């Protein structure tokens, strides 16, 4: 499993079943995101360092106009796309496995949660994660 295969699967709104290679890969991405956001949230950084951390978190180049007030939390990171002049206020949490696209000139208020996952409704299917993107 690699990032391109994972993103192709989840960006087609396909479910991820528990105890699969895809689910294990998703857990690895979560561990990486926790490590990066821990650095972001627990140390002082210049705006340039924050952009570097967010570029590492998302796996994409983040525009130099981006700003965030920590703390910021995500459980994946690799399926976030940020436009230009984006500002994210403190305490926000993104659950981005289903894809989050933030366009140009978007301001996000404090403690906003963007969630792209849901669990199966039936008890036997609760380990299945369904995805829908947020744009």
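The values are calculated or read from the model by the stated rules, or taken from the named source; none is laboratory data. All of these numbers come straight from a predicted model, not from anything done at the bench. Please note: Cβ atoms are built from the backbone with ideal geometry, for glycine as well, and neighbour counts cover all protein chains shown.
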Which one is farthest from the chain's Cα centre (by Cα) among residues in the stretch 70-88 that are at negative phi and surrounded by fewer than 17 Cβ atoms within 10 Å (Cβ to Cβ)?
-> 84
Qualifying residues in the stretch 1-43 (those that are part of a loop (DSSP other than H, G, I, E, B) and without any contact (Cβ under 8 Å) to a residue 24 or more places away in the chain) - the one farthest from residue 90 (Cα to Cα) | 20
Does residue 91 count as surrounded by fewer than 15 Cβ atoms within 10 Å (Cβ to Cβ) and out of contact with any strand residue (DSSP E or B) (no Cβ under 7 Å at 6 or more places or on another chain)?
-> no
Taking the stretch 96-133 and keeping only residues that are over 25 Å from residue 20 (Cα atoms), surrounded by 14 or more Cβ atoms within 10 Å (Cβ to Cβ) and in contact (Cβ under 8 Å) with a residue 24 or more places away in the chain, one is left with 101
Considering every residue within the stretch 44-59, establish whether at least one is modelled with pLDDT of 95 or more, outside any helix (DSSP H, G or I) and under 17 Å from residue 102 (Cβ atoms).
-> yes
Residues (over 21 Å from residue 119 (Cβ atoms) and surrounded by 12 or more Cβ atoms within 10 Å (Cβ to Cβ)) located in the stretch 8-34 | 32
Tally of residues being in a loop (DSSP other than H, G, I, E, B), in contact (Cβ under 8 Å) with a residue 12 or more places away in the chain and either surrounded by 18 or more Cβ atoms within 10 Å (Cβ to Cβ) or touching a helix residue (DSSP H, G or I) at 6+ places or on another chain (Cβ under 7 Å) (or both) across the stretch 60-69 = 3
